[in-house]
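The values are calculated or read from the model by the stated rules, or taken from the named source; none is laboratory data. Model, not experiment: these values are computed from the prediction. As a convention, Cβ positions derive from the backbone with ideal geometry for all residues, glycine included, and neighbour counts pool all protein chains shown. Side chains are part of the model used for accessible areas, which takes the heavy atoms of the whole protein and leaves out ligands, DNA and RNA. Shrake-Rupley method; radii C 1.70, N 1.55, O 1.52, S 1.80 Å.
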Amino acid sequence: MAQVNCPKCAAPMELDAGVKFAKCSYCSSMVFFDRTGAGFYYAIPFTLGQNEAVGTFRRWAGGSTKAKDLDRLANITEIKKKYFPVYLFRREVNGREEVIVEPAGSTILPGLHQLKVPGGDLKVFDDKFDTGGAEMVRPDIEMLHYLDKLPGKGKEQALVYFPIWTIEYTFNGSKYQVVVDASSSEVFASTFPARGSAAYLLVALVGFIIFLVLGFVATVMLVPALVLMALTVVGVFFLSLTVARRM
Ligand SMILES: [Zn+2]
């Protein structure tokens, strides 16, 4: 048995060897311990509800790099509300404070290595914290795994439950997944249906070749070549418009 003090209310807590996470019996705070000391659990409230998360996803899907009509045609097959655990390290690096966030749960979900913890929005995670029915993803990566590799000197470390929505959808028979950061509205995806560019390239290439040819013609017959060039510009414009509408 080890004796430590609760970092919130300083009440003594007894820990069995090997225990990393415990609840203070006096103030109900969730506390974790490792060789570097005791730390808090924090959680960030959801600012995006399910409807806003879907809206954020649709706006993202309507972006210019996404396949045509992905915003309308993406068929959402599953949406889940989750709290994903990350470690928050405050370090003093060359006299300046640096905040580093690393996943505390193993995951193949995109974006969870680049989460940004919003300042001032951390709530102490204890019995009274309302998780709003979110699935709590278990931390299964040890803090020590990161501590050796971090720069500077440690000032604070905490475990932060980060609010996310995971959305699975299908498009043209393939499955995709995105993560919506429920505090910053950022959308993370490792793959998504992209807009085809082959037709645009073809139009550009044909336009370029016609211009090249007309350039030679212009050295012999200037006026007719200029007229044809003008017609080519109009032609390429309408061809691009057609491609944009169809693709
Ligand atoms: Zn306590």
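Structure above, values below:
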item	result
Search result, residues across region 51-88 that are surrounded by 14 or more Cβ atoms within 10 Å (Cβ to Cβ) and touching a Lys or Arg at 6+ places or on another chain (Cβ under 7 Å)	Lys66, Ala67, Lys68, Asp71
Residues that are aliphatic (A, V, I, L, M) and in contact with a Gly (Cβ under 7 Å, 6 or more places away or on another chain), drawn from region 113-151	Val137, Ile141
Conditions (1) in a loop (DSSP other than H, G, I, E, B); (2) touching a residue at least 40 places away in the same chain (Cβ under 8 Å); (3) within 28 Å of Phe171 (Cβ to Cβ); number of the one not met by Pro139	(3)
Selected residue (criterion: most open to solvent (accessible area, probe 1.4 Å)) from residues of region 158-192 that are among the small types (Gly, Ala, Ser) and on the phi < 0 side of the Ramachandran plot	Ser190
Residue check for Val206: of a type in the set (Val, Ile, Thr), open to solvent by 50 Å² or more (accessible area, probe 1.4 Å) and not in a loop (DSSP other than H, G, I, E, B)	yes
Counted residues, region 193-203 - those being over 30 Å from Glu168 (Cβ atoms) and either over 46 Å from the mean Cα position of the chain (by Cα) or surrounded by fewer than 12 Cβ atoms within 10 Å (Cβ to Cβ) (or both)	1
Residue that is surrounded by the fewest Cβ atoms within 10 Å (Cβ to Cβ) [pool: residues in region 117-157 that are among the small types (Gly, Ala, Ser) and at pLDDT below 85]	Gly120
Residues located in region 227-238, provided they are among the aliphatic types (A, V, I, L, M) and open to solvent by less than 90 Å² (accessible area, probe 1.4 Å)	Val227, Leu228, Met229, Ala230, Val233, Val234, Val236
Qualifying positions in region 184-217 - polar (S, T, N, Q) and more than 23 Å from Asp140 (Cα to Cα)	Ser184, Ser185, Thr191, Ser197
Of all residues making up region 186-203, the number that are assigned to a helix (DSSP H, G or I) and without any contact (Cβ under 8 Å) to a residue 24 or more places away in the chain	3
Any chance Gln114 is open to solvent by 40 Å² or more (accessible area, probe 1.4 Å) and within 12 Å of Val86 (Cα to Cα)	yes
Of the criteria (1) open to solvent by 90 Å² or more (accessible area, probe 1.4 Å); (2) within 29 Å of Ala67 (Cβ to Cβ), which one Val220 fails	(2)
Where Lys23 falls short, out of the listed (1) modelled with pLDDT of 75 or more; (2) on the phi > 0 side of the Ramachandran plot	(2)
